Amino acid sequence: MTDPTLFILTVLFILGTPGPTNTLLATSGATVGIGRSLPLMIGESAGYLISILAIGLLIGPFIAGVPAVAMALRLMVGAYLFWLAYRLWQRGEVTDANALPVTTRQVFVTTLLNPKAIIFALGVIPFATPSWPAYLLGFLAMLVTVAVAWISIGALIGRAAAAAGQARLVPRIGAAAVGTFAVILVVSPLLR
């Protein structure tokens, strides 16, 4: 995808779509605010970079040619997301206001395993052109913008939940969303 306008619109659309990473960013924004959530963008950036580069430059053709590998990866990602949903659900029971509901490591691993990386690696970042590093840098700039937006949306939701006396529900809603993504990821290939 070498048309800059199409590239920008595609990246913003895919990054802006709700998913496990965005759910974690919003959950963190809702529970600890914008400032304490901003470091999570390091985990997201690193996860996408490693995943996109590994898939786009090394293993993409292998994954596309062996459906069993793709299914095994989906099951592993689904299992991780279920574990993460469980951890977020438990956070609803925690009363320590200083505890972080979402860690940079969790965001990193979730993003590293995010199926969106496959789309970016195989269909959006133009690895066949010499200018692919510039597109990857543009991707990272848009990633930061979208991440700040998700964290900010979460912070607004968190303030509204706190005002309604329901702040402890926020991690559980995040857990339900991540769990839903896990189910969709695992079950959707079986429905075809």
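I need a count of the residues in the range 107-136 that are closer than 23 Å to Ala26 by Cβ and modelled with pLDDT under 85.
Number satisfying all stated conditions: 3.
Checking Gln166 against (1) modelled with pLDDT under 85; (2) surrounded by 21 or more Cβ atoms within 10 Å (Cβ to Cβ); (3) not aliphatic (A, V, I, L, M), which single condition isn't satisfied?
Unmet for Gln166, out of (1) modelled with pLDDT under 85; (2) surrounded by 21 or more Cβ atoms within 10 Å (Cβ to Cβ); (3) not aliphatic (A, V, I, L, M): (2).
List the pairs whose first member sits in the range 114-141 and is among the charged types (D, E, K, R), whose second member is surrounded by 17 or more Cβ atoms within 10 Å (Cβ to Cβ) and not in a helix (DSSP H, G or I), and whose Cβ atoms are under 7 Å apart, counting only residues at least 6 apart or on separate chains?
So the pair list comes out as Lys116/Gly19.
For the condition in a helix (DSSP H, G or I), over 26 Å from Pro133 (Cβ atoms) and of a type in the set (A, V, I, L, M), what is the one hit in Ala54, Ala70, Ala46?
Numbers: Ala54 fails: over 26 Å from Pro133 (Cβ atoms); Ala46 fails: over 26 Å from Pro133 (Cβ atoms).
None of the others qualify; the one that does is Ala70.
In the list Leu73, Leu9, Leu40, which residue meets the criterion of being closer than 14 Å to Gly154 by Cβ and either modelled with pLDDT of 90 or more or not small (Gly, Ala, Ser) (or both)? Walk me through it before giving the result.
Numbers: Leu73 fails: closer than 14 Å to Gly154 by Cβ; Leu9 fails: closer than 14 Å to Gly154 by Cβ.
On inspection, the qualifying residue turns out to be Leu40.
Only residues that are touching a Gly at 6+ places or on another chain (Cβ under 9 Å) and of a type in the set (A, V, I, L, M, F, W, C): list them for the range 149-161, please.
Ala149, Trp150, Ile151, Ile153, Ala155, Leu156, Ile157, listed by residue number.
In the range 150-163, which residue that is surrounded by fewer than 17 Cβ atoms within 10 Å (Cβ to Cβ) and not charged (D, E, K, R) is farthest from Phe108 (Cα to Cα)? Talk me through it step by step, then tell me what you get.
Quick first cut of the range 150-163, residues surrounded by fewer than 17 Cβ atoms within 10 Å (Cβ to Cβ) only: 152-153, 156, 159-160, 162-163.
Remaining after also requiring not charged (D, E, K, R): 152-153, 156, 160, 162-163.
Working: Ser152: 19, Ile153: 20, Leu156: 24, Ala160: 28, Ala162: 28, Ala163: 31 Å.
Restricting to residues being surrounded by fewer than 17 Cβ atoms within 10 Å (Cβ to Cβ) and not charged (D, E, K, R), the top hit is Ala163.
May I ask you to list pairs of residues, at least six apart or on different chains, whose Cβ atoms are under 6 Å apart, with the first in the range 89-109 being under 17 Å from Pro20 (Cα atoms) and aromatic (Phe, Trp, Tyr) and the second being modelled with pLDDT under 60 and crowded, with 17+ Cβ neighbours inside 10 Å?
Correct list of pairs: empty, since none qualify.
Where in the range 106-192 are there helices (runs of 4 or more DSSP H), lying fully within it, with 2 or more residues that are closer than 16 Å to Ala54 by Cα? Even if it seems obvious, please write down each step before you answer.
Working: elements: 116-119, 132-163, 169-187.
Answer list for the range 106-192: 116-119, 132-163.
Does the range 9-51 hold any residues that are among the β-branched types (Val, Ile, Thr), more than 16 Å from the chain's Cα centre (by Cα) and surrounded by fewer than 16 Cβ atoms within 10 Å (Cβ to Cβ), and which are they?
Result: Ile34, single match.
The values are calculated or read from the model by the stated rules, or taken from the named source; none is laboratory data. Here the structure is a predicted model, which means the values were calculated and not measured. Glycine gets a Cβ as well: all are built from the backbone with ideal geometry, and neighbour counts include every protein chain shown.
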